[in-house]
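The values are calculated or read from the model by the stated rules, or taken from the named source; none is laboratory data. Just so it is clear, the model here is predicted, and its values are computed rather than measured. Positions of Cβ are generated from backbone atoms using ideal geometry, with glycine treated the same way; all protein chains shown enter the neighbour counts. Side chains included, ligands, DNA and RNA excluded: accessible areas come from the protein's heavy atoms. Shrake-Rupley method; radii C 1.70, N 1.55, O 1.52, S 1.80 Å.
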Amino acid sequence: RKEVEQDPGPFNVPEGATVAFNCTYSNSASQSFFWYRQDCRKEPKLLMSVYSSGNEDGRFTAQLNRASQYISLLIRDSKLSDSATYLCVVNLKGGSQGNLIFGKGTKLSVKP
Amino acid sequence: NAGVTQTPKFRVLKTGQSMTLLCAQDMNHEYMYWYRQDPGMGLRLIHYSVGEGTTAKGEVPDGYNVSRLKKQNFLLGLESAAPSQTSVYFCASRGSLYEQYFGPGTRLTVT
């Protein structure tokens, strides 16, 4: 089983739609969780950290389910500018100097 | 606020040539990383550093060397470039909560 798995997509949705991505991780000792956004031919950028209690930032909501070892990202009222690849990222407690493990990403395309 | 910068942005090498990629960060971060990103492969860690004067191997270190002589700089060297090293290279530094901040990347083509 891969350490971090994501559905590669693409998810093609109309503007205004609500879309959700899930990500599973294999190591139960994982401690920190993040969602990154990567635009075509650009660097990954931190979208939000994921906390055990769940957290929201505007139209974006992230949730963590430790028992089932998955992380989710919900985007409400999708905008054209949300089109990007979303990377699920985990940090393994005690792992090599706090290195992050990146999923391969889920591609989102928001259409007019 | 520059954050993480990388030079050069683009480079074309011939097989067997050498080059050095420079990464600089102005956030006073201890940890720095070099990744490569290839289609369908995601980000893979090449080398990393936990502080000035230290380096360690990541997932795919072969064919690369690194140096961290100053805290703000992390250099990635290719001694003898191969076509398999054609990729996009990203440098990153780590904040206090394990989040990483990336530079804009270097697109390297080896012919």
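With 25 Å as the cut-off, how large is the P(r) tail for chain A, expressed as percent of Cα-Cα pairs? Value for chain A (Cα pairs over 25 Å): 17 percent. Put simply, when A:20-31, B:99-110 are sorted by average Cβ atoms within 10 angstrom per residue, most first, you get B:99-110, A:20-31.
Computed about its Cα centre, the charge dipole of the protein assembly as shown is approximately 320 debye, with only Lys, Arg, Asp and Glu carrying charge at their Cβ.
Just how many % of Cα pairs in the protein assembly as shown lie over 32 Å apart, if you round to the nearest whole percent? Value for the protein assembly as shown (Cα pairs over 32 Å): 20 percent.
For the segment A:99-105, counting C-beta atoms of other chains within 10 Å of every residue's C-beta and taking the mean gives 6. Peptide A:80-89 shows a mean partner chain C-beta count of 1 within 10 Å per residue C-beta.
A Cβ-based charge dipole, computed about the Cα centre of chain A with Lys and Arg at +1 and Asp and Glu at -1, lands at about 200 debye. Over the stretch A:1-110, accessible surface divided per residue gives 49 Å², non-protein components excluded, 1.4 Å probe. Distance between the C-alpha centres of the stretch A:18-51 and the stretch B:1-65: 21 Å, rounded to the whole angstrom. Interface residues of the stretch A:21-48, defined as those with an accessible-area decrease of at least 30 Å² between the chain by itself and the complete set of protein chains (probe 1.4 Å), are A:34, A:36, A:38, A:41, A:43, A:44, A:46. Partner lysines whose Cα lies under 24 Å from the Cα of residue A:79, excluding those fewer than 8 positions away in the same chain, are identified as A:42, A:45, A:104, A:107, A:111. Three principal axis extents describe the C-alpha atoms of the stretch B:31-111; from largest down they are 38, 25, 20 Å. Computed on chain B, with alpha-carbon pairs under 8 angstrom and 6+ residues apart, the relative contact order is 35 percent.
Heavy-atom surface analysis with a 1.4 Å probe gives the protein assembly as shown a carbon and sulfur content of 49 percent of its accessible area.
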